[in-house]
Amino acid sequence: MRFKVYTKTGDDGSSFSPLAGGRVPKDHPTMELSGALDEAVSAIGFARSLLPGELGDVDRELSRIQVLLFSAVTTLETRGKRNLVSDDDVKWMEDVSDARMEDVELFVVPSGHPAATAIHVARAVTRRLERVAVRVFREELSSDPGLHTALSVLNRSSSALFALAVHVNRRLGYREETFRP
């Protein structure tokens with residue numbers, strides 16, 4: 001059976017069916033969350049496509065971050081009914097950040113190798129995903145630890161992406177530009 005990219009569920013183009021069920025207008029905050037997720041994982045995919053072959057380890061880490069973003073947003077959208085992230089995932093993101101972080105100035109101007117710059121773009125897009133998630137689930141976050149963990153995954157992903165961008169530049173012989181206020 002082939003997967004179809006359209007649903008034919010009577011949608012006239014003005015509504016959307018989120019994972020939690022039902023239908024919402026296309027300008028509903030849940031739709032914005034889905035769009036922000038799509039942008040983030042696509043930006044990471046673009047960065048992966050720019051990585052030289054010798055950085056397969058970084059590619060695998062970026063791939064796992066993509067999966068964790070999908071998992072975190074699924075957890076949020078289903079209000080924890082499908083909890084697909086854990087504290088171990090948050091810890092993995094922290095471990096990536098710690099292992100890949102190099103000594104840098106406080107403010108890095110995204111530049112250097114195209115793959116590193118693309119990872120910085122993915123980081124910025126992922127920060128937007130996090131902001132949207134907080135806005136959509138602000139009231140529910142304090143009452144559900146699973147939702148809080150999902151938000152922690154989103155938060156740590158941008159830190160891991162920052163560390164990976166710096167790491168890619170260093171491994172490929174680029175020094176990042178810095179800004180000093």
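Show the residue pairs meeting these rules: Cβ distance below 9 Å; 6+ apart or different chains; first residue within the range 55-83 and over 15 Å from VAL153 (Cβ atoms) and in a helix (DSSP H, G or I); second residue open to solvent by 80 Å² or more (accessible area, probe 1.4 Å) and of a type in the set (Lys, Arg).
What qualifies is LEU55/ARG171; VAL58/ARG171.
Within the range 101-115, track down each residue that is more than 10 Å from ALA165 (Cα to Cα) and open to solvent by less than 50 Å² (accessible area, probe 1.4 Å).
VAL104, VAL108
Run ASP89 past the list (1) closer than 28 Å to THR117 by Cα; (2) surrounded by fewer than 16 Cβ atoms within 10 Å (Cβ to Cβ); (3) at pLDDT 95 or above; (4) not aliphatic (A, V, I, L, M) and report the number of the one that doesn't hold.
Unmet for ASP89, out of (1) closer than 28 Å to THR117 by Cα; (2) surrounded by fewer than 16 Cβ atoms within 10 Å (Cβ to Cβ); (3) at pLDDT 95 or above; (4) not aliphatic (A, V, I, L, M): (2).
When you look at GLU130, is it without any contact (Cβ under 8 Å) to a residue 60 or more places away in the chain and among the acidic types (Asp, Glu), yes or no?
yes
Being open to solvent by 30 Å² or more (accessible area, probe 1.4 Å), in a helix (DSSP H, G or I) and acidic (Asp, Glu): is that true of ASP98 here?
Values: open to solvent by 30 Å² or more (accessible area, probe 1.4 Å): yes; in a helix (DSSP H, G or I): yes; acidic (Asp, Glu): yes.
Criteria met by ASP98.
Determine which single condition VAL153 fails, assuming it passes every other condition in (1) aliphatic (A, V, I, L, M); (2) open to solvent by 20 Å² or more (accessible area, probe 1.4 Å); (3) touching a helix residue (DSSP H, G or I) at 6+ places or on another chain (Cβ under 7 Å).
Unmet condition: (2).
Just checking, how many residues over the range 126-175 are under 15 Å from ALA72 (Cα atoms) and not in a helix (DSSP H, G or I)?
Number satisfying all stated conditions: 1.
The values are calculated or read from the model by the stated rules, or taken from the named source; none is laboratory data. Predicted, not measured: the structure shown is a model, and the values here were computed from it. Glycine gets a Cβ as well: all are built from the backbone with ideal geometry, and neighbour counts include every protein chain shown. SASA here: full protein model, heavy atoms, side chains in, ligands and nucleic acids out. Shrake-Rupley method; radii C 1.70, N 1.55, O 1.52, S 1.80 Å.
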